[in-house]
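Here's the structure we're looking at; comments come further down.
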Amino acid sequence: MSRIVIDNAAVSTVDGNGTEYANGHVVVEHGVITAVGAGPAPLAEHTSEYIDAHGCLVTPGLVNTHHHLYQWATRGLAQQENLFGWLVELYPIWARLDASVTHAAASAGLAWLARTGCTTAADHHYVYPRTGGDQLDAVISAARRIGVRLHAVRGSMDRGESQGGLPPDDVVEDTDAALAATEAAIDTYHDTSFDAQIRIAVGPCSPFSVSERLMREAAELARHKGVRLHTHLAETVEEEQKCLAELGCTPLEYADSLGWLGEDVWFAHGIHFSDSEITRLGASGTGVAHCPSSNARVGAGTCRVTDLLGAGAPVGLGADGAASNEGGGLGDELRQALYLARLRGGPAALTARQSLWLGTMGGARCLGRAHEIGSIEVGKLADLAVWRIDGLGHAGIADPVAALVFASVPPLARLLVGGRSVVVDSELRTAGEDELAGDLRSASRQLRAHLEVAG
């Protein structure tokens, strides 16, 4: 892996100037980008691998800012429910999770993310059944198995049905235990190095499943430990109504009162914000993970992406859990984000290049890694997607970025994570896809069996 040359490709760097090359090259040495530019790559005496990428577009690897990988084992359920109804139907099933099911689901989900151009994923895991084993390690070991970067958000819930929350009591944790487990996760797994594969964030699930104390003390813990904060916020009208009825304020006002705004925070969804709240998000540097397919699936609404960007708020893309986005890929979200923005604001609301920015640099900003990933620049990590755009699905589209965003997700000629090939010619190289699919089928059957017994 000492020197890799990608040559003869269109290159969209997504750098601060939007630099693109109709025919260019990228050179990688020891997992880091050492050259990018127009024309053929500079000659060198030693090259470990030469990739002739004629007919391809090279972009930064996509960054998924919000996911629930365990949900890959529960796809296709609650098909006509809004968010609250969907959760009520699925929580009893998720209460049966064990570490083997979660590992199988996470492995399959990360493999599919890689197959759709994703090199970094943030996974928000907040369900910890009492007999479920080591849930967080099950997800982290899956990331190591597949070879993508993972921001493991150690989620938590301590407000069950008996306390006015949404989840059943048997899937919530004691507040002190949740905080202690979160701190232990940081101490055990969080890697601050430049090329870290695993980082930890703190993530109480949502205002309707978490106590005020847990929200407040989780923020204090994250800042004491120097890690980032994540939660669901302003996803549905029902959430806002519940917050107004119980607390007399909107979800964002509530989060703000608890210290949950700042450059170290990113919220999932962020659909129902007022104009003044969007201004507040931008001024504070608080990020938003936009999950267009999932939001559409449960009829939650459309994030005001253009307004958030105009206010200066970091915005990234998220696939969200596969139980509310059965497609589960990130490449698809480039087009979904573009289309939903235009449904809301007209055909000029979002461009193809802005959509690509959301899926790369926008995500890197949300995760606090803009100096490491998200663009193709010398000194950054070699997390790269090489999309083949000369086939039947894309041939004839002169603009390569338009081919990527407007058309179907192109096949991957190569996906590199730190210079390591994770996908080659649309084939996962780090694990067997048949084995992953078989493990996922078994995990899904196991959970469905519990459902049938319960019924």
Response to the item:
Sole miss for V305 among (1) closer than 21 Å to L350 by Cβ; (2) surrounded by fewer than 20 Cβ atoms within 10 Å (Cβ to Cβ) is condition (2)
Item to complete: Considering only the range 22-44, state which residues are open to solvent by 20 Å² or more (accessible area, probe 1.4 Å) and either of a type in the set (S, T, Y) or in a strand (DSSP E or B) (or both).
Response: A22, N23, E29, V32, T34, A35, V36, A38
Worksheet item: From the residues in the range 188-225 that are free of Cβ contacts under 8 Å to residues at least 12 places away in the same chain and not hydroxyl-bearing (S, T, Y), which one is farthest from Q163 (Cα to Cα)?
Response: D191
Practice prompt. Check every one of the strands (runs of 3 or more DSSP E) wholly within the range 166-279 and list those with 1 or more residues that are open to solvent by 10 Å² or more (accessible area, probe 1.4 Å).
Written response: 198-204, 228-233
Fill in: Only listed residue being in contact with a strand residue (DSSP E or B) (Cβ under 7 Å, 6 or more places away or on another chain), more than 23 Å from V5 (Cβ to Cβ) and either of a type in the set (S, T, Y) or open to solvent by 10 Å² or more (accessible area, probe 1.4 Å) (or both), chosen from G368, G418, G396
G368
Discussion item. Conditions first: (1) farther than 27 Å from A364 by Cα; (2) open to solvent by 20 Å² or more (accessible area, probe 1.4 Å); (3) modelled with pLDDT of 95 or more; (4) polar (S, T, N, Q). N82 passes all but one, so which condition is the exception?
Written reply: (3)
Worksheet entry | Residues of the range 167-187 satisfying the condition of being farther than 20 Å from L97 by Cβ and not hydrophobic (A, V, I, L, M, F, W, C) | T175, D176, E183, D187
Worksheet item: Which one of T19, T59 is surrounded by 14 or more Cβ atoms within 10 Å (Cβ to Cβ), in contact (Cβ under 8 Å) with a residue 60 or more places away in the chain and of a type in the set (S, T, N, Q)?
Response: T59
Worksheet item: Looking only at the range 114-128, which residues are closer than 30 Å to P168 by Cα and among the aliphatic types (A, V, I, L, M)?
Response: A121, A122, V127
Worksheet item: How many residues are surrounded by 24 or more Cβ atoms within 10 Å (Cβ to Cβ) and over 18 Å from A138 (Cβ atoms) when one looks only at the range 85-113?
Response: 0
Practice prompt. Could you tell me whether A323 is in contact with a Ser or Thr (Cβ under 6 Å, 6 or more places away or on another chain), outside any helix (DSSP H, G or I), farther than 18 Å from G117 by Cα and among the hydrophobic types (A, V, I, L, M, F, W, C)?
Written response: yes
Fill in: T47 open to solvent by 50 Å² or more (accessible area, probe 1.4 Å), at pLDDT below 95 and either out of contact with any Ser or Thr (no Cβ under 7 Å at 6 or more places or on another chain) or part of a loop (DSSP other than H, G, I, E, B) (or both)
yes
Worksheet entry | Odd one out for G329, checked against (1) open to solvent by less than 10 Å² (accessible area, probe 1.4 Å); (2) assigned to a helix (DSSP H, G or I); (3) closer than 29 Å to R420 by Cβ | (2)
Discussion item. I need every pair where a residue in the range 153-177 that is under 14 Å from V88 (Cβ atoms) and of a type in the set (G, A, S) has its Cβ under 7 Å from the Cβ of a residue that is at pLDDT below 90 and in a helix (DSSP H, G or I), sequence separation at least 6 or different chains.
Written reply: G160/D169
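The values are calculated or read from the model by the stated rules, or taken from the named source; none is laboratory data. Note that the structure is predicted; figures quoted are calculated from it, not measured. Glycine gets a Cβ as well: all are built from the backbone with ideal geometry, and neighbour counts include every protein chain shown. The area values use the complete protein model at the heavy-atom level, side chains included, leaving out ligands, DNA and RNA. Shrake-Rupley method; radii C 1.70, N 1.55, O 1.52, S 1.80 Å.
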